[in-house]
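One structure below.
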Amino acid sequence: QAKVAEDPAEIWCDSLKLGNLQLVSKLKNPSDSCSVDVSTVWWEVTGCKESCIITACEFTVSLWKSLDNWQWRKVYTWHFTEIPVLQIIPLWDACNLVCVALGHLEIREIRLLFCSDDECLKQSLVKSGNIKAVLGLRHKRLVCSNGTLHDHQVDLMTFSRSGRSKEKQTLMSPEETILAFAEVQGMQDALLGTTLMSNIVIWNLKTGQLLKKMQIGNSYQASICHTAYSDMGLLFVVLSHPHGKEIESMGSPVFRLIVINPKTALSVDIRPYSLPQGHTGRFLDGEVKDNLAAAVLTSGTIAVWDLFLGHCTALLLPNSDGNWSFVKWSGTDSCLLAGQKNGSVFVYSY
Amino acid sequence: CSESDLGPISLNWFEELTSEAPP
């Protein structure tokens, strides 16, 4: 039985189990505008640093503080007037700082959201232009690529604790469109990117050097890198394929694990992560955290894979409210945050 | 995978590529 609490945070607690997922909470944003993203962020609320949920609608971004019993209270809302919000860009180990990307189809602006000492909500413009890819990194850093082929630029920005100032460094451009960035776990000075021409590129963040450009084959064009691990001289990279073609009998791998030798630029496919039989859909949105990968599919279903086990461990079918449209892992625990366009965000423990 | 698939592996690949790459 579901129990629905009063607004602002409607709470559902029941014993519904879907594979390894258990619904523990539901946040309902009363705003009428379309929901676009969710994430978690460290925030100091009433003198105490805690993990909060942050939700984005078209023209608002809201911070939710955790109460007892998986209930949530909205504490801050930043408003935007001209350009709609496209995505939240968390800076993983930062406190009281988060970035958002604004734009229509493509990112036009990146803004930093924070609070002043007197608790006033602030936002500052970090970058504007034709932004192709962006990622928040550890140590209050953000990397973004912008411009067209001829004036292509990759910038690394480091924010101060208060968010008032930033240092900017330029990384060497691979001279082609970057689709996504990924941190390399275990190597804090390394950064990875995937490009439109099916290359994987590696930078040294300390020196800004472009270390290698590696072709990974044309079988999966426009792959998105999600995370990478460095081990025993090899790079293990998790990719997704938004443009993968479905093969009716077996579907298409939603994620793929490949191994690359950065010295030789040779790579080998290790494992595809496909949907269970009877399910189809292409990757729309998703995130990888540690050994868990989650994706929203074109079918409106969310699927979860354990990258070590190699198979799908949970499926979240569209519910009576509609299809899923975005999914994230919480930063601090094994919770899955699943969102719908109507403003509902469901929290599942995994 | 083996060295026959991926070529010779170096544990210090990051430092080596940094010293080889243009500044």
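A short reminder: the numbers here are calculations on the coordinates, not readings from a lab. Just so it is clear, the structure is predicted and the values come from calculations on it, not from any experiment. Neighbour counts run over all protein chains shown; Cβ positions are idealised from the backbone, glycine included.
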Of the convex hull drawn through the C-alpha atoms of chain A, the volume per residue in Å³ is 136 Å³
Neighbours of A:K127 by Cβ distance under 11 Å: Lys/Arg at +1, Asp/Glu at -1, summed charge +2
Placing one equal point scatterer on each C-alpha of region A:172-312 and summing with Debye, one gets log10 I(q)/I(0) at q = 0.09, 0.15, 0.21 Å⁻¹ equal to -0.26, -0.70, -1.30
Computed over chain A, the relative contact order (Cα-Cα under 8 Å, seq sep at least six) in percent reads 13 percent
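If you add up the charges near A:D93, with Lys and Arg at +1 and Asp and Glu at -1, over every other residue whose beta carbon is less than 13 angstrom from its beta carbon, what do you get?
Summing Lys/Arg as +1 and Asp/Glu as -1 gives +4.
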Dipole check, region A:179-324, charges on Cβ (K,R +1; D,E -1), about Cα centroid: among A:W324, A:T264, A:W203 the Cα furthest to the positive pole belongs to A:T264
Counting as exposed only trypsin sites (Lys or Arg not before Pro) in DSSP loop states with no more than 12 other Cβ atoms inside 10 Å, the longest exposed-site-free span of chain A is A:4-137
Least to most buried among B:S19, A:S66, by other C-beta atoms within 10 Å and fewest first, runs B:S19, A:S66
Taking only the alpha-carbon positions of region A:164-223 as identical scatterers, the Debye log10 I(q)/I(0) at q = 0.15, 0.24, 0.30 Å⁻¹ comes out as -0.46, -0.99, -1.28
